[in-house]
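Derivation of every value follows stated rules applied to the coordinates shown; laboratory data play no part. Predicted, not measured: the structure shown is a model, and the values here were computed from it. Quick reminder, even Gly has a Cβ in these numbers, built from the backbone with ideal geometry, and neighbours come from all protein chains shown.
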Amino acid sequence: MIEYKGINEIVLNINGLDREIVVYPHETLLHVIRGQLNLSGTKAGCENGDCGACTVLVDGVPMKACLCLAVEMVGKQITTIEGLKETPIQQSFVEHGGFQCGFCTAGFLLNVHAMLKAHPDADDEIKKEWLNSNLCRCTGYEGIKIAVDTAQDEMRK
Ligand code: FES
Ligand code: FES
């Protein structure tokens, strides 16, 4: 295990590109993504692991970037919302009103995308369990549910 102290030069693979950054060991992935890499689609909500607005994919698995240290991410493939393109769930959110203010949307999209890849036949229980990680302050859950169900149908075709 590498021990990090002081200022560290590291390389993170974000959306398929190697990005060289300089970080202290205590800096979170969320702060690096937004502050250094200017990828503002990842939102800072609670910064406490509760809201899911900061969700990114790490090697395809949804993780809360506010709970990850940037130095822990060396050697992993990180996907932010800027790296998610033309997926059924994005189209479905647009068509079925899966967002209002949009603050929570990137987190939901990445989480649902990963869920439908891992569980193409996810039932309501599985969907509820996965989506419990994300909060929508606008409480637009009905639109989100319809969007998720429709995207799932689309992916099964
Ligand atoms: S900002 Fe990370 S879970 Fe809320
Ligand atoms: S759409 Fe506003 S927080 Fe979810």
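Summary of computed values
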item: Å³ per residue enclosed by the Cα convex hull of segment 7-60; result: 88 Å³
item: The chain, relative contact order [Cα under 8 Å, separation at least 6], %; result: 23 percent
item: GNM result for the chain, Cα springs below 10 Å: residue of L69, L37, L116 fluctuating most strongly; result: L37
item: In Hz, Karplus ³J(HN,Hα) per residue of segment 20-26 (6.51, -1.76, 1.60; θ = phi - 60°; x = Gly, Pro); result: 8, 9, 10, 9, 8, x, 8
item: Rounded if a/c under 1.5, otherwise prolate or oblate - segment 77-157, Cα gyration tensor axes; result: rounded
item: Potential lengthening between M1 and C46 on full extension [0.36 nm per residue; Cα-Cα distance subtracted]; result: 13.2 nm
item: Extension gain, D149 back to E82 (0.36 nm per residue minus Cα-Cα distance, nm); result: 21.8 nm
item: Value of relative contact order over segment 56-113, rounded to a whole percent, pairs C-alpha under 8 Å and six or more apart; result: 41 percent
item: Convex hull of Cα atoms in segment 1-99, direction-averaged projection (nm²); result: 6.8 nm²
item: Added length on full extension, which subtracts the Cα-Cα distance from 0.36 nm per residue, R137 to Q100; result: 12.4 nm
item: Packing-based order for 122-128, 58-64, 45-51, 26-32, using average beta carbon neighbours within 10 Å, highest first; result: 26-32, 58-64, 45-51, 122-128
item: Estimated dipole of the chain in Debye, rounded to 20 [Cβ of Lys and Arg +1, of Asp and Glu -1, Cα centre]; result: 220 debye
item: GNM top mover of A118, A65, A44 - the chain, alpha-carbon springs below 10 Å; result: A118
item: Candidate lysines for bridging to K85, where Cα separation is under 21 Å - those fewer than 8 sequence places away on the same chain excluded; result: K43, K64, K76, K117, K145, K157
item: Approximate spin-label separation N38-Y24, in nm, with each point projected 7 Å along Cα-to-Cβ; result: 2.4 nm
item: Karplus 3J(HN,Hα) series, Hz, for segment 121-133 with 6.51 cos²θ - 1.76 cosθ + 1.60 (x for Gly, Pro); result: 9, 3, 8, 4, 5, 5, 4, 5, 4, 5, 7, 4, 6
item: Whether segment 17-157 is rounded, prolate or oblate, judged on the alpha carbon gyration tensor where a/c under 1.5 counts as rounded; result: prolate
item: Amide H contacts of T28 (H built 1.01 Å from N, under 5 Å, at least 5 apart or other chain); result: A70
